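Written below as structure tokens is the structure these notes are about.
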């Protein structure tokens, strides 16, 4: 039953984190399929903001370009801290 007396708050952060997770999962799969180390390649991208570290395969380079490096770092830190 819906309570019309209460206002719910829409949590956009959770939807954004899911979006980042999906993109990073696709990117990691593309990097791994090329035989590269995903940690090294994503680190190179985050440090330089140069997409040359991400392969074009499976649209990975285009996908990761949709995210800012701050979003990637925020997601990874959130995930890491949540696991502690």
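Since every read-out is calculated from the coordinates, none of them should be taken as a lab result. Keep in mind that what you see is a predicted model, and the values were worked out from it rather than measured. As a convention, Cβ positions derive from the backbone with ideal geometry for all residues, glycine included, and neighbour counts pool all protein chains shown.
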Relative contact order computed over the chain (Cα-Cα under 8 Å; 6+ residues apart), in percent: 28
Sorted by Cβ density within 10 Å, fewest first, the residues 46, 39, 20: 39, 46, 20
Exposure proxy ranking, count of Cβ atoms within 10 Å, fewest first, for 79, 4: 4, 79
Segment 23-48 residues near the modelled residue 57 label - backbone nitrogen below 16 Å, point 7 Å along Cα→Cβ: 25-42
Reference-scaled alpha-carbon Rg (2.2 N^0.38 Å with N residues) for the chain: 1.36
Inter-site label distance for residue 70 and residue 9 at 7 Å from Cα along Cβ, in nm: 2.1
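Can you work out the FRET efficiency for the pair residue 17 and residue 48, with r the C-beta to C-beta distance and R0 = 30 Å, to the nearest 0.05?
0.80
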